[in-house]
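Below is one structure, written out as structure tokens; comments come after it.
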Amino acid sequence: MPDLLQSPPAWWIAAYLMGAIPVGVVLARAKGIDLRKVGSGNIGATNAARALGTKLGLVVFALDVLKAAAPVWLASSEWALGQLADPTWPLAGVALMAVVGHIFPVYLGFRGGKGVACGLGIFLALDPPVAFAAMFMYAQGLVLTRTSAVGSLTAVSSICLCMLIADKPPAYVAAAVASCALIWFRHISNIKGLMAEAKARKAAQKAV
């Protein structure tokens with residue numbers, strides 16, 4: 001058991017399986033709702049709030065954050081990967097696999113959420129000040145545009161930028177870049193929608 005607790009691959013698998021738990025789907029199913037068939041079809045907190053109400057949406061958000069942060073916190077313990085001479089790369093792997101689990105969950109045929117709450121969770125564990133700054137950026141983006149996707153992409157991009165320009169461990173920078181890229185990838189449909197809306201508004205203004 002001690003050898004297993006200090007095995008990076010074992011923690012990567014555990015982080016993936018924990019991150020893959022579809023919290024929103026489970027809570028919605030308890031209410032007799034298939035979250036994947038309502039609203040945007042996304043399994044994350046924003047769609048959960050629309051389908052289940054704000055309170056349960058916040059519960060989904062908190063649990064999605066926790067399920068990503070927990071494996072990183074546990075793995076960093078002195079009885080686990082924290083005993084390694086340089087645990088940064090193994091821990092970065094744990095963090096990234098938690099996000100991958102949420103986006104590509106084995107329990108749902110690898111069709112999951114967009115990873116924003118999990119992205120926040122891993123950096124609450126790896127670098128709390130950066131995570132809190134990202135929450136501020138999300139709130140600012142949401143208030144200015146009234147669009148959750150804009151707030152989300154602003155938040156994850158700010159995490160990536162902070163990690164790149166600050167004196168952070170290269171492993172954590174790599175985790176930030178990789179998770180940011182995945183989250184942007186999962187938001188392609190949102191980006192296309194926002195571009196289409198902007199184009200429509202511009203055309204309407206010209207028509208006037």
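The values are calculated or read from the model by the stated rules, or taken from the named source; none is laboratory data. Remember, predicted model here, so these are calculated numbers, not experimental data. Don't worry about glycine lacking a Cβ; one is built from the backbone with ideal geometry, like all the others, and counts go over all protein chains shown.
Out of 115, 101, report the one residue that is under 16 Å from the mean Cα position of the chain (by Cα) and on the phi > 0 side of the Ramachandran plot. Testing whether each residue is under 16 Å from the mean Cα position of the chain (by Cα) and on the phi > 0 side of the Ramachandran plot leaves just 115. For region 135-143, indicate whether the set of residues that are buried (at least 20 other Cβ atoms within 10 Å of the Cβ) and among the aromatic types (Phe, Trp, Tyr) is non-empty. Yes. Taking each residue of region 38-63 that is over 14 Å from residue 116 (Cβ atoms) and at pLDDT 90 or above and looking for partners that are assigned to a loop (DSSP other than H, G, I, E, B) and of a type in the set (S, T, N, Q) with beta-carbon atoms closer than 9 Å, six or more apart or interchain, yields 50/40.
What about residue 205, is it free of Cβ contacts under 8 Å to residues at least 40 places away in the same chain, part of a helix (DSSP H, G or I) and more than 20 Å from the chain's Cα centre (by Cα)? Judged against the criteria, residue 205 is a match. Quick check on region 185-198. Is at least one of its residues at pLDDT 90 or above and of a type in the set (Ser, Thr, Tyr)? No: zero hits. For region 80-128, filtered to residues that are outside any helix (DSSP H, G or I) and among the aliphatic types (A, V, I, L, M), the residue that is surrounded by the most Cβ atoms within 10 Å (Cβ to Cβ) is 80.
Pairs meeting the criteria (first residue in region 10-34 and within 20 Å of residue 120 (Cβ to Cβ), second residue of a type in the set (D, E, K, R) and at pLDDT below 95, beta carbons under 7 Å, at least 6 apart or on different chains) are 25/36. Scanning region 23-31 turns up no residue that is more than 18 Å from residue 114 (Cβ to Cβ), buried (at least 21 other Cβ atoms within 10 Å of the Cβ) and more than 15 Å from the chain's Cα centre (by Cα). None of 117, 133, 85, 80 is without any contact (Cβ under 8 Å) to a residue 12 or more places away in the chain and farther than 15 Å from residue 16 by Cβ except 85. Please verify whether region 145-163 includes one or more residues that are farther than 21 Å from residue 45 by Cα, in contact (Cβ under 8 Å) with a residue 24 or more places away in the chain and in a helix (DSSP H, G or I). Yes; the residues of region 145-163 include at least one that is farther than 21 Å from residue 45 by Cα, in contact (Cβ under 8 Å) with a residue 24 or more places away in the chain and in a helix (DSSP H, G or I).
Are there helices (runs of 4 or more DSSP H) fully within region 2-43 with at least 1 residues that are out of contact with any Cys (no Cβ under 9 Å at 6 or more places or on another chain), of a type outside the set (Asp, Glu) and farther than 29 Å from residue 93 by Cα? List them.
23-30
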